Amino acid sequence: MKKLTLLTLLFPALALPSGASISIDTFAGEFLDASGSNASDSSLWAIIYDSNGDDLLPGGLTPDSSLLGTNASQAFTDFSGQQILTGQNIGFDKILWAGEIDGANLSGTPSLGYTSLSNFTFAELGVVANGKWAVYWFPELTIDSDTLGLSPFEVGGLQQTSAGASLGDLGMVMPATDDTGTNYTAAFINSGDNGGDIAPATFTAVVVPEPTTLSLSALALVTLLRRRRY
């Protein structure tokens, strides 16, 4: 897709809400699975909010970071057995929205997610001014199968506070006020072929826990059992 076409998608002529509320149109991707291939358009992605304001999101994601293999153990701890559904809590953090990657069918652009948090106040959404959020994607989950298991699974994550690498006007941070009646755009685009400037590796999911982690855990368990036996 050419950049001009993408920019047309990112800045549609939307009517602004009246009264004390805001909207955030969010675009992210293209999302890749752990092999580096496009995640299915029916796969799930989510916006997760740092509810307790500790600058630590699921998987050990901190401001301006991505969920790389070094976070595998923490990601497995935080996400295993969790349902990825709007309104669910992941530890101390909250899923503000979850749905299909290409639910809006953005002109056939593969693996590009879109959603709009529409006409809300901070109190209604349970957020605060300048509160941080992140995007996550789950290549193996769908709307009909939205719960992660206890065996290895794929997950990706990205948090970016600045709009500098965004085609929009907002990073992954709530605005300073919600009484402007403003429609914001937050867009984080893979540089692969969509006119964005975020490295494809950043949008690549990881397998958690890593195979080496599983092997070490199994070895430790076997050693413990042998010691108890003798």
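Here residue 64 clears all of (1) surrounded by 15 or more Cβ atoms within 10 Å (Cβ to Cβ); (2) within 28 Å of residue 192 (Cα to Cα); (3) charged (D, E, K, R) except the condition numbered (1). Applying a threshold of 8 Å to beta carbon distances and a minimum spacing of six or more residues, or different chains, the list of pairs starting in region 48-70 at a residue that is within 20 Å of residue 84 (Cα to Cα) and ending at one that is of a type in the set (Ser, Thr, Tyr) and crowded, with 17+ Cβ neighbours inside 10 Å reads 48/136; 58/136; 59/136; 66/202; 67/136. Applying the set (1) in contact with a strand residue (DSSP E or B) (Cβ under 9 Å, 6 or more places away or on another chain); (2) modelled with pLDDT under 95 to residue 147 leaves exactly one unmet item: (2).
Taking the criterion of being more than 27 Å from residue 20 (Cα to Cα) and in contact with a Phe, Trp or Tyr (Cβ under 9 Å, 6 or more places away or on another chain), would at least one residue in region 116-136 satisfy it?
Yes, region 116-136 has at least one match.
The set of residues in region 1-23 being modelled with pLDDT under 95 and of a type in the set (A, V, I, L, M, F, W, C) consists of 1, 4, 6, 7, 9, 10, 11, 13, 14, 15, 16, 20.
Within region 88-129, restricting attention to residues that are more than 27 Å from residue 147 (Cβ to Cβ) and of a type in the set (Ser, Thr, Tyr), the residue that is modelled with the highest pLDDT is 121. Just a yes or no: is a residue in region 25-38 of a type in the set (Val, Ile, Thr), touching a strand residue (DSSP E or B) at 6+ places or on another chain (Cβ under 8 Å) and farther than 13 Å from residue 157 by Cβ? Yes, there is a match, as at least one residue in region 25-38 is of a type in the set (Val, Ile, Thr), touching a strand residue (DSSP E or B) at 6+ places or on another chain (Cβ under 8 Å) and farther than 13 Å from residue 157 by Cβ. Filtered by the rule that a residue be surrounded by fewer than 20 Cβ atoms within 10 Å (Cβ to Cβ), of a type outside the set (Phe, Trp, Tyr), at pLDDT 90 or above and under 20 Å from the mean Cα position of the chain (by Cα), region 173-200 gives 173, 175.
The values are calculated or read from the model by the stated rules, or taken from the named source; none is laboratory data. Remember, it's a predicted structure, so these values are computed and weren't measured experimentally. When we count neighbours, we look across all protein chains shown, and the Cβ atoms used for this are built from the backbone with ideal geometry, even at glycine.
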